[in-house]
1. Any idea what the relative contact order of chain B is, in percent, if you count C-alpha pairs under 8 Å spaced at least 6 apart?
2. Name the long-range amide H neighbours of B:MET22: under 5 Å, sequence gap of 5 or more, or other chain; modelled H, no Pro or chain starts.
3. Using only the Cα atoms of segment B:1-67, construct the convex hull and provide its projected area averaged over every direction, in square nanometres to one decimal.
4. Roughly how big is segment A:1-160's charge dipole about its Cα centre, with Cβ charges of +1 (Lys, Arg) and -1 (Asp, Glu), in debye to the nearest 20?
5. From Cα pairs below 8 angstrom and at least 6 apart in sequence, can you work out the relative contact order of segment B:44-87, rounded to a whole percent?
6. What length, rounded to one decimal in nm, is gained on full extension from B:ALA76 through to B:ALA18, with 0.36 nm per residue of separation minus their alpha-carbon distance?
7. Please give the average number of partner chain Cβ atoms lying within 10 Å of the Cβ of each residue in B:57-65, rounded to a whole number.
8. Using amide H atoms built in the peptide plane, which far-off residues or other-chain residues are under 5 Å from B:GLU54 H to H?
Amino acid sequence: MIPGRLLHRIAARMCDANRLERIVEPAIADFQNEYAAAMRSARRRISILFDGYVGIVEAIAMSVLETSAVADDQRRALTRTFLWAVGATVCAVALLIVLTVTSLPGVPAFLVALIVPTQLPIALAVGLTLGIAFGLAGRVVSRRTQATVLLVAVLMIVVSFGAMAWSTSIPLGRHQFRQSLSNALGGHVSVTKGLHEVSLAQGRQQANLAPGGDLMAMPRRLAWTYHFRSSIACAPLALAMLALAAIARGARRAVVMSACAAYLGLIVAGEELVYRGLPPFAGAWLANIVFVSGTLALMVWMPPRGSRRSSCC
Amino acid sequence: MTIPRLSATEHMILELLAREEMFGLQLVARSKGALKRGTVYVTLARMQDKGYVESRTEEQPAGAIGLPRRLYRPTAYGSRVLEAWDAAARTLARRPRLRPRPA
């Protein structure tokens, strides 16, 4: 008879592989050896069985409790991340609206409501990145937490892309804002829809009406705008990937915030480069391309913090 | 710089392991009741995370049944931490003699 096999199977279901190997298995191994060494005395074997089983159950319980404590810590970090993300998104929307409104003197206050959704795609990306910076920087982030943050980033892409590309809410709100502004200022003319103010399908139709039916034949500014709508929707994932990779390598909060500012700078640089000959598609996707390449470079050339083993021992 | 922490249990384990490489159950036996078999493995795993101890699995003879045991020994870092804590304890134990103030 080899005691402890059943407990090993139970522990394998309850504990992760690391704790099973480092806590439960050494306990069971010592127990089995102690039991084997006391084969002559039945009384001693009973005592060993009792002590051994109690000890192993205690070790499994402590191991499980410690795992759930780690999970609690990660849950708290996630909650803090998302609270910061929501707060930062609200602040970013407010800032973008203030910047828009101050550039247009005499805008009636009620019109501001029309442009709130239009600021969401960029505000969501900035908000999530700042949430990661304030919620996760300086701590060990588990793979599950990283996966949850990336899943939220993907959901943000779906929402942003759906709203900007297919739904008419954001383009319509943007056009209504301009039309209402024109009316409020006494223009009373029908404002023509810009490329930002039609759905992606309508934009493609407009592109097909352009000379030669070729999107690249459109003025560069319009072509950049067309591609930028898809690219900005993907910003949350590009930013979140780089922020998580940087934090896993010990980057501080300021570094993540600087990365967010760099992303916004790359958007401006991409647009500028389009006027200087860069294909509009590449200009619109420049920030995402740079950030995804940066993430891959980090993952390939720089191991995460804690993965290097000390050689001094 | 963060100063490494060492609990009383961890201190005892490092002291016991400084003499020789041991299994978890040997540590329990040598501690004369101070260490419990239900908690010693959790403490050892935590000490491994901190870099105080390292472990290896015992080489089992052919035909042996059951799981291989795990042997523990202090790392160089763990030994240094133990020395530093002992030195700190000795220093703090030496209380300066209080002299009455001259009237």
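The values are calculated or read from the model by the stated rules, or taken from the named source; none is laboratory data. Remember, it's a predicted structure, so these values are computed and weren't measured experimentally. Every residue, glycine among them, receives a Cβ derived from its backbone with ideal geometry; neighbour counts consider all protein chains shown. Remember, those area values only see protein heavy atoms, side chains included, never the ligands or the DNA or RNA. Shrake-Rupley method; radii C 1.70, N 1.55, O 1.52, S 1.80 Å.
1. On the way: 89 pairs, mean separation 30.6, N = 103.
Reported relative contact order: 30 percent.
2. Hits under the 5 Å cutoff: B:TYR72.
3. Details: hull surface 22.4 nm².
Projected area, direction-averaged: 5.6 nm².
4. Numbers: 15 positive and 10 negative charges, 80 e Å.
Here the size comes out at about 380 debye.
5. On the way: 39 pairs, mean separation 17.5, N = 44.
Dividing the mean separation by the residue count of segment B:44-87 yields 40 percent.
6. Using 0.36 nm per residue and subtracting the Cα-Cα distance, I get 19.8 nm.
7. Details: counts 4, 3, 0, 2, 0, 0, 0, 3, 3.
Across B:57-65, the average partner-chain Cβ count within 10 Å equals 2.
8. So B:GLU54 has HN proximity to B:ARG73, B:THR75.
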